[in-house]
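Shown next, in structure tokens, is the structure this report addresses.
The values are calculated or read from the model by the stated rules, or taken from the named source; none is laboratory data. Remember, it's a predicted structure, so these values are computed and weren't measured experimentally. Ideal geometry is used to build each Cβ from the backbone, glycine not excepted, and the neighbour counts take in all protein chains shown. Please note that ligands, DNA and RNA were not included when accessible areas were found on the heavy atoms of the full protein model with its side chains. Shrake-Rupley method; radii C 1.70, N 1.55, O 1.52, S 1.80 Å.
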Amino acid sequence: MPFSLYFSPTPLITAPSPLSKPFFLVPYYHKLHAPKSPLCSSMEHALTHQGKQEAFDRRPEDSQALPLGLRRDAMPSHVAVIMDGNRRWARLRDLPVRSGYEAGVESLRKIVEICCKWGIKVLSVFAFSSDNWFRPKVEVELLMSLFERGMQEDTGIFSRENIRISVIGDLTKLPKALQELMVNLEEATKNNTRFQLIVAVSYSGHYDVVQACQRLALKAKCGLIEPSDINVSLMEQELETNCTEFPHPDLLIRTSGEFRISNFMLWQLAYTELFFSQSLWPDFGEAEFLKALLAFQQRQRRYGV
Ligand SMILES: CC(C)=CCC/C(C)=C/CC/C(C)=C/COP(=O)(O)OP(=O)(O)O
């Protein structure tokens, strides 16, 4: 099926101009698509949060697919993953770095498929951190080309499988063609309801909290809110995870035997259960994912109470 068939009929050049947005948000027009206007955003937030469970449909085949021991009623809604160890995987096999990342993309495809089958609603992956810009230029270019190829190749699958793609992070730093591809893909899949894949690119937890604070400060400066109005809920409306109905990961998995969060979703991980896997990301398959989910289902979440 030709790639273009899956894309929104709206060409990118017709995306609303920054000037058509409220003036106080213009400096923060960091994505090509218009972010929600601040006043609409809170109403929309409230509305979309009503009945959020119902928004995700389940396919008949999904209910048959749970492995023994895994409980559907205790499944995490949102799983976040730090996909670490791709270069090490390649090095161990005397392969070029490219092969490690390509194997990483395959691993991601597998995990997305499993999430759909097992009824996980949101998967967030840390695909490129703000600090990854400091890696050698060839490696950065390699990753950018992989993102571009991966997103192009899978466009059909996303539509067919009813998968929504969201991209979070400072996209202004990405090559223009990639920005356009991402915006089009988000637009083309925005009404898909079975599963949401959030790809964090040029993202860090610090970046997210800072951009949210800047947006709130601007609203306060414009008289839309008082500084004393700022609370957890207002902050969360400005964080980039406002693209999902499940903004707090229930489970964070980090592969490759490292025990760090590495500046991923710092705010959102406040009460997340952590699972550290020894597997390198390209080796992280169904068996290890099942292990992480079974461990999660054993945990008692008390939220400090
Ligand atoms: C289309 C799409 C979303 C693709 C995702 C591709 C992918 C697997 C990206 C991971 C990128 C990354 C910087 C991982 C960190 O570990 P590392 O690989 O640098 O490994 P190391 O810790 O062994 O050095």
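Of everything in the stretch 108-120, what is away from the ligand (no atom under 11 Å from the Cβ), of a type outside the set (Val, Ile, Thr) and in contact with a helix residue (DSSP H, G or I) (Cβ under 8 Å, 6 or more places away or on another chain)? Give them in sequence order.
Hits for the stretch 108-120 are LYS110, CYS116, LYS117, TRP118, GLY119.
Is it true that some residue in the stretch 172-184 is open to solvent by less than 30 Å² (accessible area, probe 1.4 Å), closer than 20 Å to PHE128 by Cβ and either small (Gly, Ala, Ser) or in a strand (DSSP E or B) (or both)?
Looking through the stretch 172-184, none of the residues is open to solvent by less than 30 Å² (accessible area, probe 1.4 Å), closer than 20 Å to PHE128 by Cβ and either small (Gly, Ala, Ser) or in a strand (DSSP E or B) (or both).
Every residue, every condition in (1) more than 17 Å from VAL112 (Cβ to Cβ); (2) open to solvent by 30 Å² or more (accessible area, probe 1.4 Å); (3) free of Cβ contacts under 8 Å to residues at least 24 places away in the same chain, yes or no:
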| residue | (1), (2), (3) |
| --- | --- |
| PHE259 | yes, yes, yes |
| ALA270 | yes, yes, yes |
| GLN278 | yes, yes, yes |
| ASP283 | no, yes, no |
| LEU294 | yes, yes, no |
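Among the numbered criteria (1) of a type in the set (A, V, I, L, M); (2) open to solvent by 30 Å² or more (accessible area, probe 1.4 Å); (3) within 8 Å of the ligand (Cβ to nearest atom); (4) outside any helix (DSSP H, G or I), which one does VAL105 miss?
Unmet for VAL105, out of (1) of a type in the set (A, V, I, L, M); (2) open to solvent by 30 Å² or more (accessible area, probe 1.4 Å); (3) within 8 Å of the ligand (Cβ to nearest atom); (4) outside any helix (DSSP H, G or I): (4).
Right, ARG260: modelled with pLDDT of 95 or more and basic (Lys, Arg) or not?
So ARG260 fits the description; yes.
Could you please find all residues in the stretch 71-102 being open to solvent by less than 20 Å² (accessible area, probe 1.4 Å), more than 7 Å from the ligand (Cβ to nearest atom) and more than 18 Å from ALA292 (Cβ to Cβ)?
Within the stretch 71-102, ALA90 is the sole residue that qualifies.
State which residue pairs qualify: first residue open to solvent by less than 10 Å² (accessible area, probe 1.4 Å) and inside the stretch 229-246, second residue assigned to a helix (DSSP H, G or I) in any location, beta carbons under 8 Å apart, and separation of 6 or more residues or different chains.
LEU239/ASP208; LEU239/VAL209; LEU239/ALA212; THR241/ASP208
Consider only pairs whose beta carbons are under 6 Å apart and that are at least six residues apart or on different chains; among these, list those whose first residue lies in the stretch 194-219 and is part of a helix (DSSP H, G or I) and whose second residue is crowded, with 17+ Cβ neighbours inside 10 Å and modelled with pLDDT under 95.
From the stretch 194-219, the pairs are LYS219/PRO38.
Condition test on GLU180, is it over 25 Å from SER262 (Cα atoms), at pLDDT 95 or above and away from the ligand (no atom under 11 Å from the Cβ)?
It is true that GLU180 is over 25 Å from SER262 (Cα atoms), at pLDDT 95 or above and away from the ligand (no atom under 11 Å from the Cβ).
Any residue that is within 20 Å of GLU187 (Cβ to Cβ) and not aromatic (Phe, Trp, Tyr) - is there at least one of those in the stretch 87-98?
Scanning the stretch 87-98, I find no residue that is within 20 Å of GLU187 (Cβ to Cβ) and not aromatic (Phe, Trp, Tyr), so the answer is no.
A quick yes/no check of all residues on (1) within 26 Å of ARG91 (Cα to Cα); (2) of a type in the set (A, V, I, L, M); (3) within 14 Å of the ligand (Cβ to nearest atom); (4) part of a strand (DSSP E or B):
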| residue | (1), (2), (3), (4) |
| --- | --- |
| GLU258 | yes, no, yes, no |
| SER262 | yes, no, yes, no |
| GLN268 | no, no, no, no |
| PHE275 | yes, no, no, yes |
| GLN278 | yes, no, yes, no |
| PHE289 | yes, no, no, no |
| GLN297 | no, no, no, no |
| GLN300 | no, no, no, no |
| TYR303 | no, no, no, no |
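Any residue at all in the stretch 142-164 that is part of a strand (DSSP E or B), farther than 21 Å from LEU251 by Cβ, near the ligand (Cβ under 10 Å from one of its atoms) and under 16 Å from the mean Cα position of the chain (by Cα)?
No, the stretch 142-164 has no match at all.
Under 7 Å between Cβ atoms, at least 6 apart or on separate chains: pull out the pairs that start in the stretch 93-113 with a residue that is aromatic (Phe, Trp, Tyr) and end on any residue that is assigned to a helix (DSSP H, G or I) and more than 7 Å from the ligand (Cβ to nearest atom).
Pairs found: TYR101/LEU142.
Give me the residue from the stretch 121-141 that is of a type in the set (Phe, Trp, Tyr) and within 10 Å of the ligand (Cβ to nearest atom) and, out of that set, surrounded by the most Cβ atoms within 10 Å (Cβ to Cβ).
PHE126
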